[in-house]
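Colleague: Sending over a structure as structure tokens; questions will come in a sec.
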Amino acid sequence: MKNHYLIPALILWCAASCALAQTWSAYNKISIKPLAGTSNHTPNFGGMYDKVYARFTTEHFEAETRYMFNISGSTNRITGIIGKALVRFFPLPQLEFAVGKDLDQALPGSFFTVIDDYATDANYGQDGISVSYNFLNMCATLHMPVSQQYFTDDGFELQGAAALTAQLPAGFATGAMVRYYGNTDFSAALFASWQQGKILEAGLGYTYNGTSAAEDAGELERLQTEILHLATLSFAYKGKIFSTAAEGEAGIDKNGLAALYCGILPSIRLYAAETTSLRLKSKIKYFAVFNKSNTKQELWEIYPYFSFSCGKNLLTTGVLLSLQDNQLSWSIPITWKYSIRQSHSTRISDDA
């Protein structure tokens, strides 16, 4: 279905949701890179985007959407992307139906704060239809993707995912999933987390036949096969003055190729008043893919920046550096986020 069919439906759906909403949150986020360049080229315009987000909730219904307009810095081409569009329906307190794009149904302990996304194969409910049933402290979910891949030359092909998550005593949680999207895409994962209120959270996981974050970073060489064994570790602490998040993935495929990702996001509060605060943050991400001859492709991304909040406004700016194959790229992002109502997210990252 083309985007010009989706957008009017999305507008009508949001309008109906507003009329029924008991609670809602929304924001608009504008980001521009007035200057961007490399060590070998003259600085120029680096592009911009405008992201609109809204979430509506009633007793039996929830709708969420995120749409982004993007202007490329190299071509000045304008594109529109529906990053999230979903509906959840709760006919019973124990039963949930979900349909849409980017459902974010993932195993506990699989969220990466620095990347601001879930580990790829722990996110079992992405695009499609899901049915979840809650019993005791557990949740069982069946997910079916919606795509043309269902119909092959041999007819109908069964695809889907099944997951079971459980909340345990003392702040622990665990979950397991199996995903089968045809013979070329099978994976299984087991994750666990420990959470102390909204202040401290740690997660670890293992994925069989997975995909590493390093494979999707920049222009790094993509491994020829899925990673046979992939281990994941994450940690996040959110304090009043100092906050930090750290995470990593290490994996190896059946041919001996390896992938590695590490990320850290320290944050310190420099100033705070009743409705304003100023923080200094720094995102550091490292990606690497190692080949059979022990040579490697590496990518560093370093982004020190200031985050200033005043009421419903959040302003961030800094210098984004990227180093790959001895080639240095840089840009100066300036981002303004205005929350019509505060988002429900409690993540350390500003990239909700």
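The values are calculated or read from the model by the stated rules, or taken from the named source; none is laboratory data. Values in this document were obtained by computation on a predicted structure and should not be read as measured data. Positions of Cβ are backbone-derived with ideal geometry, glycine not excepted, and every protein chain shown enters the neighbour counts. For accessibility, only protein heavy atoms count, side chains too; no ligands or nucleic acids. Shrake-Rupley method; radii C 1.70, N 1.55, O 1.52, S 1.80 Å.
Colleague: Which of the following residues is more than 17 Å from the chain's Cα centre (by Cα) and either part of a helix (DSSP H, G or I) or modelled with pLDDT of 90 or more (or both): Gly203, Gly251, Gly256?
Modeller: Gly251
Colleague: Mind checking which pairs have a first residue in segment 63-75 that is closer than 24 Å to Ala36 by Cβ and a second that is not in a strand (DSSP E or B), Cβ under 7 Å, 6 or more apart or different chains?
Modeller: Note: pairs meeting the criteria are Gly73/Lys33; Gly73/Phe45; Gly73/Gly46.
Colleague: Please go through segment 306-327 and give me each residue that is assigned to a loop (DSSP other than H, G, I, E, B) and open to solvent by 60 Å² or more (accessible area, probe 1.4 Å), ordered by number.
Modeller: Residues satisfying the conditions are Lys312, Val319, Asp325, Asn326.
Colleague: Confirm whether Phe56 is touching a Ser or Thr at 6+ places or on another chain (Cβ under 9 Å), in a strand (DSSP E or B) and open to solvent by 70 Å² or more (accessible area, probe 1.4 Å). First the steps, then the outcome.
Modeller: Working: touching a Ser or Thr at 6+ places or on another chain (Cβ under 9 Å): yes; in a strand (DSSP E or B): yes; open to solvent by 70 Å² or more (accessible area, probe 1.4 Å): no.
When the stated conditions are applied, Phe56 does not pass them.
Colleague: If Phe89 meets every condition in (1) over 22 Å from the mean Cα position of the chain (by Cα); (2) modelled with pLDDT under 90 apart from one, which number is that one?
Modeller: With (1) over 22 Å from the mean Cα position of the chain (by Cα); (2) modelled with pLDDT under 90 applied to Phe89, the lone miss is (2).
Colleague: Here's a follow-up. State all residues of segment 260-278 that are within 30 Å of Gln297 (Cα to Cα) and small (Gly, Ala, Ser); if no residue qualifies, say none. Step through it out loud before you land on a result.
Modeller: Our first condition is that a residue be within 30 Å of Gln297 (Cα to Cα); within segment 260-278, this holds for 260-267.
Across segment 260-278, the qualifying residues are Gly263, Ser267.
Colleague: Moving on to the next point. Identify, please: which residue in segment 263-284 is charged (D, E, K, R) and modelled with pLDDT of 95 or more and is, among those, surrounded by the most Cβ atoms within 10 Å (Cβ to Cβ)?
Modeller: Lys283
Colleague: Looking at segment 287-305, which of its residues are at pLDDT below 95 and open to solvent by less than 30 Å² (accessible area, probe 1.4 Å)?
Modeller: Scanning segment 287-305 gives Phe287, Ala288, Val289, Leu299.
Colleague: Further question on the same structure: Would you check if there is a residue in segment 218-235 being in contact with a helix residue (DSSP H, G or I) (Cβ under 8 Å, 6 or more places away or on another chain), open to solvent by 20 Å² or more (accessible area, probe 1.4 Å) and either at pLDDT 95 or above or under 24 Å from Ser322 (Cα atoms) (or both)?
Modeller: Yes, the conditions are met somewhere in segment 218-235.
Colleague: When only residues in segment 24-51 that are open to solvent by less than 60 Å² (accessible area, probe 1.4 Å) and of a type in the set (Lys, Arg) count, which is farthest from the chain's Cα centre (by Cα)?
Modeller: The residue in question is Lys29.
Colleague: Could you tell me which of the residues Asp127, Asp117 is within 30 Å of Gly205 (Cα to Cα), open to solvent by 40 Å² or more (accessible area, probe 1.4 Å), out of contact with any Cys (no Cβ under 8 Å at 6 or more places or on another chain) and without any contact (Cβ under 8 Å) to a residue 12 or more places away in the chain?
Modeller: The unique qualifying residue is Asp117.
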